[in-house]
Every structure is written in C-alpha cells, then in structure tokens.
Amino acid sequence: MAIADTNAIIKTYLDTCTTLTALVSTRIYCPRLPENAVLPAVSFFTRGGTSTPYIPGIISPSVQFDCWADNPITARQVYRALYDNLQGKQNIATGSTQGIISAIEEVQGQDLVDNEIPNYFKVLTFFNIMIRAE
C-alpha cells in the first residue's frame, strides 16, 4: 500500500474552503511562500508528527500554517478563516479513500511581523491533523 502525500491532501481540502479562498484566492502554498508573492496568502508545511506501524495509512502530522497579509488585521482575518475551516473538523474526504479524519489547533494564532521582508505580516499557528493517507 502506498502512502499519499499528506501536504497534497491538506492543500486539496483547503482549496475547497470558500471562506478561506474568498480572502486568498488560489494563494495557498506548500512549503513556503514564493518570493514576491501577492498577499494575502497562506503557506504551510509539516513540521513533524506521529504514525503507527499497526495502521500505516493513518498519519498525524503537526502542521505549521502562516497566514500572510500586508497588514496585521487582514493577516488575522486569514487566520480566522483557516481556523474556522480546520478546528474540530472531522471526516472530510479529499479522495476516494483519503481525507482528514480530524484537525485540532495545537497553538493559537500568534501575530508576527516579518523582520526580513518589509510590510509582510503573519499569524502563525500549528494544527495536529489526523489524515487517512492510503
């Protein structure tokens, strides 16, 4: 049995979240925001997580999300839309057998200013997402 790309499963789901895409359009990136990206946007990547050899198709990555905008208010709006579309969600199919089993926020959104890129603001958050990746 082949294990699917968990990042692709997450992106497939986020692309269907109309309250999020109303703010960021198709600007949902993995693993990083591209150089000179149009804002607002979301970037995410897997930073670790767990799996079990007894159920190899079930993976629980810890995922970092950065909600970007050119001002802190819009960055927070993007975060709220992301939160509303992930927090507590269960049993979301993204393929014939793949999908998100559950999503729980690990760390509430933190407002940050990017010191290296002027006028880039972000809200940083972490989610534990249990995924059926088979």
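Quick note: the coordinates plus some simple rules give every number you see, no bench work behind them. Keep in mind the model is a prediction, meaning the values are calculated, not measured. Reconstructed Cβ throughout: ideal geometry from the backbone, glycine too, with neighbour counts over all protein chains shown.
Values for this structure:
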quantity: Ellipticity estimate at 222 nm from DSSP helix runs (n ≥ 4, -39,500 (n - 2.57)) divided over the chain, nearest 500; calculated: -7000 deg cm²/dmol
quantity: P(r) of the stretch 1-71 over all Cα-Cα pairs, binned every 5 Å from zero, in whole percent; calculated: 3, 15, 24, 21, 15, 10, 6, 3, 1, 0
quantity: Contact order normalised by residue count of the chain, Cα under 8 Å, 6+ apart, percent; calculated: 26
quantity: Simple label model, 7 Å out from Cα along Cβ direction - residue 58 to residue 16, nm; calculated: 2.1
quantity: Convex hull (Cα only) mean projected area of the stretch 1-42, reported in nm² to one decimal; calculated: 3.3
quantity: Per-selection Rg to Rh, the chain - Cα, Kirkwood hydrodynamic radius; calculated: 0.98
quantity: Summed residue charge, Cβ within 15 Å of residue 120's Cβ, Lys/Arg positive, Asp/Glu negative; calculated: -2
quantity: Kirkwood Rh and Cα Rg combined as Rg over Rh, evaluated for the stretch 66-115; calculated: 1.10
quantity: Equivalent ellipsoid semi-axes - Cα gyration tensor, the stretch 89-134, angstrom; calculated: 31, 12, 7
quantity: Inter-label distance for residue 114 and residue 80, nm, one decimal - labels placed 7 Å from Cα along Cα-to-Cβ; calculated: 2.3
